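The values are calculated or read from the model by the stated rules, or taken from the named source; none is laboratory data. Quick caveat, the model's predicted, so the values are computed rather than measured. Here the Cβ is made from the backbone with ideal geometry for all residues, glycine too, and neighbour counts use every protein chain on show.
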Amino acid sequence: MQKKPFKAGIITASDKGYLGEREDLSGPAVDELLTAAGFLVEHYKILPDEADQIRNELIHMSDVIGLDLVITTGGTGFSPRDVTPEATMEVIERQTPGIAEALRMNSLRITPKGMLSRGVSGIRGKTLIINLPGSPKSVRESLEYILDPVLHGLSILLGMDSECAR
């Protein structure tokens with residue numbers, strides 16, 4: 001049976017990245033890991049740390065493009081400009097707290113600063129949305145840790161036999 005790859009999108013929330021003052025290394029790290037896992041990365045956007053723009057793009061990727069997975073990177077810390085979790089909470093219909101808990105648990109094994117992540121995750125329609133930290137190192141550590149269970153979860157969410165899904 002032909003396996004249908006999951007479709008993914010990436011949002012990097014970064015004022016400096018958006019203005020071209022800093023190269024985005026986290027978004028490409030997400031792209032690399034997802035592509036290696038068999039995802040089709042169909043959309044990638046760098047946005048400023050503005051809740052309305054992040055919210056609108058999450059809705060666009062979920063409802064208009066119809067992506068299966070959207071990964072955000074950045075905007076999950078304590079800075080007053082870090083608003084990615086708030087924007088995500090406004091668009092998701094069902095929370096998936098186990099994913100965010102697992103991300104923090106894994107991060108805490110590496111550094112006590114992992115407790116400072118405010119990232120969330122949840123489902124909008126048939127799209128799973130996951131907030132990751134902004135550093136490329138943290139992106140790799142986080143995504144590598146959750147990728148296998150996320151694949152299984154997407155299979156369930158999309159009504160696919162988990163044995164037949166990507």
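Applying the set (1) loosely packed, with under 15 Cβ neighbours inside 10 Å; (2) farther than 18 Å from Phe6 by Cβ to Arg104 leaves exactly one unmet item: (1). Among the candidates Ile65, Ile92, the residue that is modelled with pLDDT of 95 or more and farther than 15 Å from Ile123 by Cβ is uniquely Ile65.
Looking at Glu86, Glu93, Glu23, Glu50, just one residue is of a type in the set (Asp, Glu) and within 15 Å of the chain's Cα centre (by Cα), and that residue is Glu86. Scan the stretch 107-127 residue by residue and report those that are touching a residue at least 40 places away in the same chain (Cβ under 8 Å) and either exposed (fewer than 13 other Cβ atoms within 10 Å of the Cβ) or not in a strand (DSSP E or B) (or both). Result: Ser117, Arg118, Gly119, Gly125, Lys126.
Of all the numbered requirements in (1) more than 13 Å from the chain's Cα centre (by Cα); (2) assigned to a loop (DSSP other than H, G, I, E, B), Gly75 misses one, and that requirement is (1). Would it be correct to say that Leu67 is touching a residue at least 40 places away in the same chain (Cβ under 8 Å), aliphatic (A, V, I, L, M) and outside any helix (DSSP H, G or I)? Yes: the conditions hold for Leu67. Among residues of the stretch 39-96 being in contact with a Gly (Cβ under 6 Å, 6 or more places away or on another chain), of a type in the set (A, V, I, L, M) and over 20 Å from Pro136 (Cα atoms), the one that is surrounded by the fewest Cβ atoms within 10 Å (Cβ to Cβ) is Ile92.
Being crowded, with 19+ Cβ neighbours inside 10 Å and in a loop (DSSP other than H, G, I, E, B): is that true of Gly134 here? In short, yes. Taking the criterion of being among the hydrophobic types (A, V, I, L, M, F, W, C) and either surrounded by fewer than 21 Cβ atoms within 10 Å (Cβ to Cβ) or part of a strand (DSSP E or B) (or both), the residues of the stretch 1-28 that qualify are Met1, Ala8, Ile10, Ile11, Ala13, Leu19, Leu25.
Considering (1) out of contact with any strand residue (DSSP E or B) (no Cβ under 6 Å at 6 or more places or on another chain); (2) in a loop (DSSP other than H, G, I, E, B); (3) at pLDDT 95 or above; (4) farther than 15 Å from Ile99 by Cβ, the lone condition that Arg140 does not fulfil carries the number (2).
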